[in-house]
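J.: Supplied in structure tokens, the structure appears directly below.
Values in this text are rule-based calculations from the coordinates and carry no lab data. Fair warning: this is a prediction, and the values are worked out from it, not measured in the lab. Every residue, glycine among them, receives a Cβ derived from its backbone with ideal geometry; neighbour counts consider all protein chains shown.
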Amino acid sequence: MRTSAIKTYLEPDLAREVTRLARAFGRSESSIIAEAVRTRVTGNADQASSAARETQRRQLNRVELRLDKLLHDQALMKECLLLFVRVWLEYNPPMNDVEAQAAAASAAARFDRFLDLLMKGLTPGQSIAASALNGADEAGKGAAHEMGASA
């Protein structure tokens, strides 16, 4: 193994301790110092990798919490939609054949309008809920204005 010479300056007490350890183990002072430096460098590397693992663990925990929240929100939305469909089916009576044909034509037109609104809401920077709420606010203001004018 190739080595490089490095001149080190130690406090007198530390130098005496290095000399004492070298004699006790029958080794050179350089090998004692080299082992101490190697242990310190390896220990710092272990601490750095341990800190990196801890950081990754915390980040994964945060991602897991976000995913759990998304899954909960998705389940909640599914329940809301299913409840709406159930109530709608429960309170809408069946139609006769003449009404069914007119309703089918009306439903096709309304469904096309729904798809248009959906596509508009899915564009970046748009919100279906915000535009629906803004439309409700404007309708409420218009109705209040009409009521005030008729009084």
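J.: Please check the chain for the longest run free of trypsin sites (Lys or Arg not before Pro) that are loop-located per DSSP (anything but H, G, I, E, B) and have at most 16 other Cβ atoms within 10 Å. Working shown, then result.
T.: Working: sites that count: Arg2, Lys7, Arg27.
Maximal segment without exposed cleavage sites: 28-151.
J.: Determine, for the chain, the count of lysine pairs separated by eight or more sequence positions (or lying on different chains) whose alpha-carbon distance falls under 29 Å.
T.: On the way: Lys69/Lys78; Lys69/Lys120; Lys78/Lys120; Lys120/Lys141.
Within the chain, the lysine pair count is 4.
J.: For the chain, count all C-alpha to C-alpha pairs, find those more than 25 Å apart, and express that count as a whole percent of the total.
T.: 70 percent
J.: Now for a different question. Helix 128-150 against the longest principal axis of the chain: what's the angle in degrees, Cα atoms only, rounded to the nearest 10?
T.: Rounded to the nearest ten degrees, it is 40.
J.: Then there is this: Which log10 I(q)/I(0) values, to two decimals, does segment 50-123 give at q = 0.16, 0.25, 0.28 Å⁻¹ under the Debye formula with one point per Cα?
T.: Result of the Debye calculation: -0.86, -1.11, -1.13.
J.: How large is the Kirkwood hydrodynamic radius of segment 10-92, counting all unique pairs of alpha carbons, in Å?
T.: Values: mean 1/r = 0.0534 Å⁻¹.
Hydrodynamic radius (Kirkwood, Cα only) of segment 10-92 equals 18.7 Å.
J.: Would you work out the charge dipole size for the chain about its Cα centre, treating the Cβ of every Lys and Arg as +1 and the Cβ of every Asp and Glu as -1, and quote it to the nearest 20 debye? Don't skip to the end; give the middle numbers.
T.: Numbers: 20 positive and 19 negative charges, 299 e Å.
For this selection, approximately 1440 debye.
J.: Mind checking which of Gly121, Ala5, Thr42 is farthest towards the positive end of the chain's charge dipole, using Cβ charges of +1 (Lys, Arg) and -1 (Asp, Glu) about the Cα centre?
T.: Ala5
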